[in-house]
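Below is one structure, written out as structure tokens; the observations come after it.
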Amino acid sequence: MTVLHDGEADLYQVKSKAPADDSVLATWERIQYSAARIVRLIPEGAFVNVEWASYASKFGQPDERNAHRWLVAGTLAKRGCHVVKTAPTTRAKYAADSGKADKADVLETMRARHPGLFIADDNVADSLALAAMAARYLGEPIDGLPTKPQTEVMRGLRWPKREGATR
């Protein structure tokens, strides 16, 4: 997860391991605990760009990830946050100029674009790309001039209306 403030990026890893007890209750409690840890890091009213579901995904417990995603996004929305849903291919295109870029490509590109940050893994690279998109939308880019694919991505997302905007 990446939190931006004053033009700086704070990178966080919020990890969760599947319990040995895979009962419904144990799984739900783990999802709730992990979601609460994320929500605590995000200020009320913040602008949040979330990587949404990859509906073709068959691995890595997609049901649990979807439940987690909805719990986090819904809780943030109730706290007055502006939540934008971004597809994985859109995040990849913004990060590495190709919607078909794999995790390694995104990681390599994000490390090259942000040499002053320690980007531990592809998950952190993904979150930084999402935050960079949000920062650009808010008029405070953290990643220099946009590439043509980045401009296409920014035009294609469903951003919330800015205050005072007429369209």
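The angle separating the long axis of helix 103-113 from the principal Cα axis of greatest extent in the chain is about 40 degrees.
Any idea how many Lys pairs in the chain come in under 16 angstrom at the alpha carbon, given 8 or more places apart or on separate chains? Mind dumping the intermediate values first?
Numbers: Lys85/Lys93; Lys85/Lys161; Lys93/Lys103; Lys93/Lys148; Lys100/Lys148.
Count of close lysine pairs: 5.
Counting only Cα atoms, the size of segment 45-156 along its three principal axes is 34, 33, 28 Å, in decreasing order. Using only Cα positions of segment 90-167, each an equal point scatterer, no hydration layer, compute I(q)/I(0) via Debye at q = 0.17, 0.18, 0.21, 0.26 Å⁻¹ and quote the log10 values to two decimals. Calculated log10 I(q)/I(0) at the listed q: -0.62, -0.69, -0.90, -1.29. For segment 1-56, the Kirkwood hydrodynamic radius from C-alpha pairs, put into Stokes-Einstein at 4 °C and a viscosity of 1.567 mPa s, yields a diffusion coefficient of 96 µm² per second.
Between the amide H of Asn49 and those of Val84, distances stay under 5 Å, these residues lying 5 or more places away or on another chain, with hydrogens modeled in the peptide plane.
Find, among the chymotrypsin sites (Phe, Trp or Tyr not before Pro) in segment 87-167, those assigned to loop by DSSP (not H, G, I, E, B) with at most 10 other beta-carbon atoms within 10 angstrom. Please list the in-between numbers first.
Numbers: sites: Tyr94, Phe118, Tyr137; in loops: Phe118.
In loop regions of segment 87-167 (DSSP not H, G, I, E or B), the sparsely surrounded chymotrypsin sites (Phe, Trp or Tyr not before Pro) are Phe118.
When each of the peptides 40-49, 21-30 is scored by the mean number of other C-beta atoms lying within 10 Å of its residues, the order from highest to lowest reads 40-49, 21-30.
Here, each number is a calculation from the coordinates, and none is a lab measurement. None of the values given here were measured: they were computed from a predicted structure. Quick reminder, even Gly has a Cβ in these numbers, built from the backbone with ideal geometry, and neighbours come from all protein chains shown.
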